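> Okay, here's the structure, questions in a sec.
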Amino acid sequence: MRRATIFREPGRFAGWPANYGMWHWGDEIVVGFTVGAHRTARRGHAIDKRQPVVNMQARSLDRGLTWRVEAFNGSRPGARGLSADEHMNPGLRLAEVMSATTAAVPSAPMKFDQPDFALMLARTGLARGLFSFFYQSTDRCRAWAGPYRLPQFRSTGIAARTDAIILGAHSALCFLTANKADGKEGKVLCVRSDDGGQSFQLLSQVGGEPQETGDFAIMPASLQLPCGRILCARRCRQGASGLSWIDLYASDDQGYSWRQLNRPVAFQRAGHSGNPPCLKQLSDGRLLLIYGNRDGPYRIGARISTDEGRGWSGEIVLRAGGANGDMGYPRAVVLDDDSVVTAYYINERSDGDGERFIEATMWRP
């Protein structure tokens, strides 16, 4: 395994690649993240909510060995941060300058399968009334068009992060976190567009809606197997016990119905709410499930399935040495030789009060 620093600055908080996305074209890789000011916190995220955040991305042209940091070259209403309202004080939030109907509908169908295409889903906050939208790039993330409107799908709020399966030139499935009936996050929706993002149809809930106070199923990670089956992993928490896990669902009818396969990861420590999954497939059919492990010792972990998700290996440690649970949120790409580049955020100062930074681990399963 090799590691490379993507973004690291003293006094800064850089985080959450899973909220934005990671894309590649041959040896070229782009990962999105956000940057704010660091502030000491005994628990939770060490970000200063009194200061704005900036959306950034980083590009590697050499398979993840070196990175160049870039600004997000797209429209941000009020120049405010995307997908970060819950980490900002009033006066800095995106939802204060944007409404669910502000974003336009694409004037022409997007071509999801064009060679240099990228799709990024984004949101405002997490509470009742939040809304989501999306951007497209046709030049490998050098410029982004949007924001474009996502419906609310009869939910009290839609919290979109980038998770989509391209089915054809104008067809795609998107997997979204939606708020429950009580206005709290989270259940997972599968929606479909067949007109290049001009409209969307709600197909199903993946795994249903958790019913008890504090329960959630959020932050899906999906992929389509060569046989056509679709898999979707969910980050889950039980409110009563405080325990968290990752579960895995399968659909054999293009996302209209789902059955649970298993629970590949069960965290042992209560109270940390788990970490989102990243799901990838190698050319030989093996599946990778990558996640941040906040049980302690804090680390980035991975598991491998050789049977399309029915069984999973023990944990492979990709990155040890995290100082506390303010870490993880991985995204990954599989390159043409089956080497994997995994990006995440982490902090490593022994007292846990160091800057949060974006890093990549390059490895071959």
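> Of the conditions (1) buried (at least 23 other Cβ atoms within 10 Å of the Cβ); (2) touching a Phe, Trp or Tyr at 6+ places or on another chain (Cβ under 8 Å), Phe131 satisfies every one except a single condition; which number is it?
(2)
> Return the residue satisfying two criteria in turn: it lies in region 48-67 and is open to solvent by 10 Å² or more (accessible area, probe 1.4 Å) and without any contact (Cβ under 8 Å) to a residue 60 or more places away in the chain, and of such residues it is nearest to Arg294 (Cα to Cα).
Going through the qualifying residues, I end up with Lys49.
> Quickly run through region 296-310 and pick out the residues that are surrounded by fewer than 20 Cβ atoms within 10 Å (Cβ to Cβ), in a loop (DSSP other than H, G, I, E, B) and either without any contact (Cβ under 8 Å) to a residue 12 or more places away in the chain or not hydroxyl-bearing (Ser, Thr, Tyr) (or both).
Gly296, Pro297, Asp307, Glu308, Arg310
> Let me ask something additional. If you scan region 169-203, which residues turn out to be on the phi > 0 side of the Ramachandran plot and either modelled with pLDDT of 95 or more or in contact with a helix residue (DSSP H, G or I) (Cβ under 6 Å, 6 or more places away or on another chain) (or both)?
Gly196, Gly197
> Among the listed residues Tyr291, Tyr329, which satisfies the condition of being part of a strand (DSSP E or B), open to solvent by 10 Å² or more (accessible area, probe 1.4 Å) and not polar (S, T, N, Q)? It would help to see each step written out before you state the result.
On the way: Tyr291 fails: open to solvent by 10 Å² or more (accessible area, probe 1.4 Å).
One residue alone meets the criteria, Tyr329.
> Within the group Ser283, Ser313, which residue is open to solvent by 20 Å² or more (accessible area, probe 1.4 Å), over 30 Å from Gln238 (Cβ atoms) and among the hydroxyl-bearing types (Ser, Thr, Tyr)? Talk me through it step by step, then tell me what you get.
Working: Ser313 fails: over 30 Å from Gln238 (Cβ atoms).
Going through Ser283, Ser313 in turn, the sole match is Ser283.
> Please state which of the following conditions Asp113 fails to meet, knowing it meets all the rest: (1) open to solvent by 60 Å² or more (accessible area, probe 1.4 Å); (2) farther than 30 Å from Ala181 by Cβ; (3) touching a Phe, Trp or Tyr at 6+ places or on another chain (Cβ under 8 Å); (4) of a type outside the set (A, V, I, L, M, F, W, C).
Result: Asp113 passes all but (3).
> Taking region 151-166, which residues are out of contact with any Cys (no Cβ under 8 Å at 6 or more places or on another chain), open to solvent by less than 10 Å² (accessible area, probe 1.4 Å) and not β-branched (Val, Ile, Thr)?
Once the filter is applied, which keeps residues that are out of contact with any Cys (no Cβ under 8 Å at 6 or more places or on another chain), open to solvent by less than 10 Å² (accessible area, probe 1.4 Å) and not β-branched (Val, Ile, Thr), region 151-166 yields Gly157, Ala159.
> Could you please give the count of residues in region 213-266 that are more than 16 Å from the chain's Cα centre (by Cα), hydroxyl-bearing (Ser, Thr, Tyr) and not in a loop (DSSP other than H, G, I, E, B)?
Summing the residues that are more than 16 Å from the chain's Cα centre (by Cα), hydroxyl-bearing (Ser, Thr, Tyr) and not in a loop (DSSP other than H, G, I, E, B) in region 213-266 gives 3.
The values are calculated or read from the model by the stated rules, or taken from the named source; none is laboratory data. Everything numeric in this text was worked out from a predicted model, so none of it was measured. Counting neighbours? That spans all protein chains shown, and the Cβs are built from the backbone with ideal geometry, glycine included. SASA here: full protein model, heavy atoms, side chains in, ligands and nucleic acids out. Shrake-Rupley method; radii C 1.70, N 1.55, O 1.52, S 1.80 Å.
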